[in-house]
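Asker: So that we are looking at the same thing, I have put the structure below in structure tokens.
Derivation of every value follows stated rules applied to the coordinates shown; laboratory data play no part. Note that the structure is predicted; figures quoted are calculated from it, not measured. Neighbour counts are summed over all protein chains in view; Cβ atoms, including those assigned to glycine, are modelled from backbone coordinates with ideal geometry.
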Amino acid sequence: MAVSRPNIVLIKCHDLGRYLGCYGADVETPQIDELAETGVLFENHFVTAPQCSPSRGSFVTGRFPHVNGLMGLAHGNWELHEGERILPHYLSGAGYETHLFGLQHITQDTDRLRYDHVHSEGNLYPGVSPSVHQVNRARNVASVVLTFLEKQAFESPFFASIGFFELHRVEEENGRFGFDSDRYEIDDPDEVRPLSYLPDRRGIRHDLAEMHGMVYAVDEAVGTILETLEETGLDEETLVIFTTEHGIAFPRAKGSCYDAGIEAAFLLRCPGVADDGNRYDELISNVDVLPTLLELVDVEVPATLDGRSFLPLLTSDGEYEERDRVFAEMTWHDMYNPVRAIRTERYKYIRNFWHLPAVYLTRDIFASEAGRMVRETDTVPPRPYEELYDLRESPQEDDNLVFEPRYRDVRIDLARQLHEWMQATNDPLLNDPVVPGDYSTITSWPHETS
């Protein structure tokens, strides 16, 4: 039987994508797999940006990065617009007691989040100091959450946002960015399955084997939280979400609008609503999560949101308006990298707005073993201004069809849809290069006519 106002436990981590056993990855994640089996799993959940803060900002506002203002990293002179309402604001207004555990990376000013209780220090950026690394490791955060749940010192219903440091790369003494292998159990590189969209090279296998250790730590921490919910009896009245903000920290994934960059795990379990082990293959954007949660807890969904609720898909109450496309974008990370993209069930169209290398590598990837394996091929050739991929024929997005005559109509149609979306959402990129600043007072922009 569905609970009308369930507790909400949101568990999220860095740089995971869908690299989980339940999504077919070559890694054992039994605890998270069990959540998928006792809840539901979304096969085609995509994020609005292949980077941390902009994607997380979309998740909590239900609005695209260039709409809510968070077009770059929260520690890099980017902030949500003044007046932006986010998930804890809505839930607090609905009578929820709100709690923050671990990392958040949405704003440098934690007070703007307006959580009733903040249970962690240094909760903004994963790379500021070794002490913050340690505090926000999955096992440590899960331990704090365990105590919170066991004491039950809260007014129900409660909302707990739980953020893990993993799978963020760490800068080592030699300047290389790895996965902190001294702290984690790692796998044998020779036994690791290569990534389909990258060449099978030793450095890439090395990094994957290291990354597995962080995946295991996340899985263990999720298991701790789920087990505690069950032991305390809270599982019968708690909605649990597990997700991440973008793809893994490898070339052509994090920092790119290819599927490996914008794919994200999304698992949800809610008694009486999502508890049958179903796997949904409908297109879902992470801007859709907020309106779904608001509808679930009977809070009016603002018309200003860019997302749409997928609750009817779960409950069969009402008609679900299925998406035929999702949008993604990137503007700033550690450098200016303006990209906009549209993805349908079959096609991906990417519009690049700046003259850059073929594949942009974020700083942590560029200075990694995996990055070293592809620097010559990915960072030397110039990037095309348009990219079109038939995902049925080229799921690795390695065959650009933008100049193929038989795909001309597809290219024109998707380019038009992307441009119309940018116009409708007042994307500042239609005007001039975008620099960090406040775009909240601008209501319209000049735009191209061709």
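Asker: Across the Cα atoms of the chain, what radius of gyration and what greatest pairwise Cα-Cα distance (Dmax) are found, in Å?
Answerer: Just the Cα atoms of the chain yield Rg and Dmax of 20.8, 65 Å.
Asker: Could you please rank D432, D187, D15, placing first whichever residue has the fewest other Cβ atoms within 10 Å of its Cβ?
Answerer: Going from sparsest to densest Cβ surroundings: D432, D187, D15.
Asker: Percent relative contact order of segment 7-315, based on C-alpha pairs within less than 8 angstrom and at least six residues apart?
Answerer: Once normalised by length, the contact order is 33 percent.
Asker: Let me ask another. Points 7 angstrom from Cα along the Cβ direction at D188 and R201: gap in nanometres?
Answerer: Between D188 and R201, the simple spin-label model gives 2.4 nm.
Asker: What lysines sit close enough to K12 to cross-link, taking a C-alpha to C-alpha distance under 21 Å and skipping anything fewer than 8 places away on the same chain?
Answerer: Leaving aside lysines fewer than 8 places away in the same chain, those within reach of K12 are K254.
Asker: Can you give me the relative contact order of segment 153-289 as a percent, contacts being Cα pairs under 8 Å and 6 or more apart? Before the final figure, lay out each step's value.
Answerer: Values: 128 pairs, mean separation 22.8, N = 137.
Computed over segment 153-289, the figure is 17 percent.
Asker: Could you rank the peptides 219-225, 407-413, 279-285, 208-214 by their average count of other C-beta atoms within 10 Å per residue, with the highest value first?
Answerer: 208-214, 219-225, 279-285, 407-413
Asker: With only Lys, Arg, Asp and Glu charged, each at its Cβ (+1 for the first two, -1 for the last two), find how big the charge dipole of the chain is about the Cα centre; round to the nearest 20 debye.
Answerer: 1300
Asker: Any idea how far the Cα center of segment 344-364 sits from the one of segment 268-322, in Å?
Answerer: 29
Asker: Could you give me the ³J(HN,Hα) list for segment 364-373, computed from phi with Karplus coefficients 6.51, -1.76, 1.60 and θ = phi - 60°, whole Hz, x at Gly and Pro?
Answerer: Along segment 364-373, the couplings run 5, 6, 4, 8, 9, 5, 5, x, 4, 5 Hz.
Asker: So, one more: What order, most packed first, do the peptides 190-200, 157-167, 264-274 have when packing is the mean number of other Cβ atoms within 10 Å of each residue? Please report the intermediate quantities before stating the final value.
Answerer: Numbers: 190-200: 14.2, 157-167: 25.5, 264-274: 22.1.
In descending order of packing, they fall as 157-167, 264-274, 190-200.
Asker: Further, regarding this structure: I need to check one value: relative contact order of segment 1-154, counting alpha carbon pairs closer than 8 Å and at least 6 residues apart, in percent.
Answerer: About 13 percent, as a whole number.
Asker: Roughly how many nanometres apart are two label points built 7 Å out from the Cα toward the Cβ at H75 and S316?
Answerer: Distance between label points: 4.8 nm.
Asker: Binning every alpha carbon pair distance of segment 326-430 at 10 Å from zero, what are the percents per bin?
Answerer: The calculated distribution, bin by bin, is 14, 42, 34, 10, 0.
Asker: Within a 10 angstrom radius of the beta carbon, how do T379, T61 rank from fewest other beta carbons to most?
Answerer: Final ranking by Cβ density, sparse to dense: T379, T61.
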